[in-house]
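Before I ask anything, let me first share the structure, which is written out below as structure tokens.
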Amino acid sequence: MMNIAVAGTGYVGLVAGVCFAEVGHQVTCVDVNQHKVDLMKGGISPIYESGLEELMKKNYAENRINYTTNYKEAYAEADVIFIGVGTPEQPDGSANLSYIATVARQIAESINNDTLVVVKSTVPVGTNDKVEQFIHDFLVNDVRVEVASNPEFLAQGSAVHDTLHAERIIIGTESKWAEELLQNIYKPFNLPVVSVNRRSAEMIKYASNDFLALKISYMNDIANLCELVGADIQDVAKGMSFDERIGSKFLNAGIGFGGSCFPKDTKALDYLAKQNGYELKTVQAAIDVNKEQKTMLYKKASRRLITFNGLKVAVLGLTFKPGTDDLREAASLENIPLLLEQGANIYAFDPVGAENFANIHPEGPHGRGSITYVSRVEEAIKDANVCFIFTEWGEVKEVTPSMYNELMRTPLVYDGRNTYSVEEMEKAQVEYHSIGRKIAERQNMKESNKRELQSIRY
Ligand code: UDX
């Protein structure tokens, strides 16, 4: 078993650290924030991730994991140091490597025996070479230090599972010594390991993520065409999925991809290509389609309604996908400001993301509009004039088609996640707009319409 230090306790670092401890390694997680460190020692995770806190508590109790701000000590004692700090996107689409650089320098100034430094953060191809050079430039003691690449492929919401049961481990090394060390670390996981050189490993991460992003954008593009020509994207996806070369996953058309990876990694690879004098047209198309897709439903609803001004607008789901409190690049972040600008009175429901969202858009009036956070879906849709579904939370899926009809003032639903069957919405007399499918129209004037007429007879 090895002594491992992990720099950064976000999704990448903390989940990796906890999983290394779980398979028996001795792990120290380093973070600059003392408050965060104290919380983690108490078994509280700074990120919302299913199953993570249980493993944190268990491995802390069994002395296999510890948390510290004292990087000097942690790095000095480690055989292997994993870097899992953030590489946020900069305005030009490139990755900000300043956190990586800070950690690299701290490592150089702390280590006093031979150490393998492993970059887990997603970094542009060639960064590992630079990190190695950087560490050598600042190295204080005469020790061997090498950098390896080990990208992760975890999805938020299933991060622990994805790490412990990964489909493959990618290791990118430039020496037998580094390769063997990493092979040993991953041996207890008993998973397939693909060993390549550093630059290929860095590229595998981007190429994989961007391929998935492209797959989603492709389905969204086809979905938009389906609407125009009277085909149904879900049936189309089903038909496609039987071809093993296509596969059945990531064929869901929707409101576009969000999150911390796909938007950032598509832009970063596009940027890298441009820097090298190459135009990566496929990835650019994935980015463009996604941008359009995010506000597609808002635009449709704007055309359908005269105005949002003074309307009660239910918003179901704020996070970029279910199972996480992460709002990064979520459709809600694009659409809610547009709705507020138009004077909508928004009633937003999200089982875990509301608090984070309220930090950006506090409850209360916003210009002509307003936003209220509710803890039950029913409160959001009750008497609403229109409802937008942005995230397919279980709580949202539990709402039956007839509930929209019964509770809303006008049963008008714009669903960015194709949560319902068009036929069932039609049967329940809900006007239902989704992605890549026909519109469910209301046949008759409903009770709810009468209620609306009464209310405007003032
Ligand atoms: C993703 C990758 O899955 C993971 O391997 C990588 O390491 C990091 O990025 P994550 O961002 O957590 O993980 O979520 P994921 O479940 O992949 O979804 C990303 C976005 O695509 C979400 O907004 C989701 O709603 C959307 N999506 C996904 C679709 O619109 N359609 C699909 O079929 C699948």
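Here is a list of conditions, (1) without any contact (Cβ under 8 Å) to a residue 60 or more places away in the chain; (2) within 19 Å of the chain's Cα centre (by Cα); (3) more than 12 Å from the ligand (Cβ to nearest atom), and LYS187 meets all of them except one; can you say which number that is?
Result: LYS187 passes all but (2).
Moving on. Kindly list the number of the only condition in (1) open to solvent by 40 Å² or more (accessible area, probe 1.4 Å); (2) away from the ligand (no atom under 16 Å from the Cβ); (3) farther than 20 Å from TYR420 by Cα that fails for GLU292.
All conditions are met except number (2).
Within the set of pairs 6+ apart or on separate chains, which have a first residue in segment 205-229 that is at negative phi and more than 7 Å from the ligand (Cβ to nearest atom), a second that is open to solvent by less than 10 Å² (accessible area, probe 1.4 Å) and among the charged types (D, E, K, R), and C-beta atoms under 7 Å apart?
Close Cβ pairs (under 7 Å, with a partner that is open to solvent by less than 10 Å² (accessible area, probe 1.4 Å) and among the charged types (D, E, K, R)) amount to TYR206/ASP265; ASP210/ASP265.
Does PHE153 satisfy the criteria of being without any contact (Cβ under 8 Å) to a residue 24 or more places away in the chain, within 20 Å of VAL123 (Cα to Cα), under 23 Å from the mean Cα position of the chain (by Cα) and open to solvent by 20 Å² or more (accessible area, probe 1.4 Å)?
no
Would you check which residues across segment 51-102 are β-branched (Val, Ile, Thr), surrounded by 21 or more Cβ atoms within 10 Å (Cβ to Cβ) and within 30 Å of ASP270 (Cβ to Cβ) and list them?
ILE83, VAL85, THR87, ILE100
Taking the stated definitions as given, is ARG144 within 16 Å of the ligand (Cβ to nearest atom), farther than 30 Å from GLY353 by Cα, surrounded by fewer than 21 Cβ atoms within 10 Å (Cβ to Cβ) and among the charged types (D, E, K, R)?
So ARG144 does not fit the description; no.
Next question. Select from segment 232-276 the residues that are away from the ligand (no atom under 16 Å from the Cβ), free of Cβ contacts under 8 Å to residues at least 24 places away in the same chain and open to solvent by less than 40 Å² (accessible area, probe 1.4 Å) and list them in ascending order.
Residue satisfying the conditions is ALA273 alone.
Here is a follow-up. Restricted to segment 8-43, and to residues that are small (Gly, Ala, Ser) and within 21 Å of the chain's Cα centre (by Cα), which residue is most open to solvent (accessible area, probe 1.4 Å)?
Step by step, filter segment 8-43, then rank; the result is GLY10.
Further question: Output the residues belonging to segment 334-351 that are aliphatic (A, V, I, L, M) and either surrounded by fewer than 19 Cβ atoms within 10 Å (Cβ to Cβ) or touching a Lys or Arg at 6+ places or on another chain (Cβ under 9 Å) (or both).
LEU338, LEU340, ALA344, ILE346
May I pose another question? Kindly provide the set of residues from segment 10-30 that are in a loop (DSSP other than H, G, I, E, B) and out of contact with any Gly (no Cβ under 7 Å at 6 or more places or on another chain), ordered by number.
Answer for segment 10-30, where residues must be in a loop (DSSP other than H, G, I, E, B) and out of contact with any Gly (no Cβ under 7 Å at 6 or more places or on another chain): VAL23, GLY24, HIS25.
What are the residues in segment 190-204 that are open to solvent by less than 30 Å² (accessible area, probe 1.4 Å), within 16 Å of the ligand (Cβ to nearest atom) and under 25 Å from MET1 (Cα atoms), if any?
Once the filter is applied, which keeps residues that are open to solvent by less than 30 Å² (accessible area, probe 1.4 Å), within 16 Å of the ligand (Cβ to nearest atom) and under 25 Å from MET1 (Cα atoms), segment 190-204 yields only ALA201.
How about segment 393-438: which of its residues are among the hydroxyl-bearing types (Ser, Thr, Tyr) and part of a loop (DSSP other than H, G, I, E, B)?
THR400, THR410, THR419, TYR420, SER421, SER434 - these are the residues of segment 393-438 that are among the hydroxyl-bearing types (Ser, Thr, Tyr) and part of a loop (DSSP other than H, G, I, E, B).
Of the numbered conditions (1) polar (S, T, N, Q); (2) open to solvent by less than 30 Å² (accessible area, probe 1.4 Å); (3) over 29 Å from ARG144 (Cα atoms), THR122 satisfies every one except a single condition; which is it?
Going through the list (1) polar (S, T, N, Q); (2) open to solvent by less than 30 Å² (accessible area, probe 1.4 Å); (3) over 29 Å from ARG144 (Cα atoms), THR122 breaks only (3).
Identify the residue in segment 125-141 that is farther than 19 Å from ALA207 by Cα and open to solvent by less than 20 Å² (accessible area, probe 1.4 Å) and, among all such residues, is nearest to the ligand (Cβ to nearest atom).
VAL131
Sticking with this structure for a sec: Applying the selection to segment 352-362, what residues are loosely packed, with under 15 Cβ neighbours inside 10 Å and within 24 Å of GLU392 (Cβ to Cβ)?
Residues satisfying the conditions are GLU355, ASN359, ILE360.
Still on this structure: Please pick out the residue among LYS264, LYS205, LYS238, LYS249 that is at pLDDT below 95, not assigned by TED's automatic domain parsing to the domain that holds GLY172 and not small (Gly, Ala, Ser).
LYS264
The values are calculated or read from the model by the stated rules, or taken from the named source; none is laboratory data. For clarity, every value in this text was computed on a predicted model and none was experimentally measured. Using ideal geometry, Cβ is built from the backbone for each residue, glycine included, and neighbour counts are taken over all protein chains shown. In case anyone asks, the SASA skips ligands and DNA or RNA and just uses the protein heavy atoms, side chains included. Shrake-Rupley method; radii C 1.70, N 1.55, O 1.52, S 1.80 Å.
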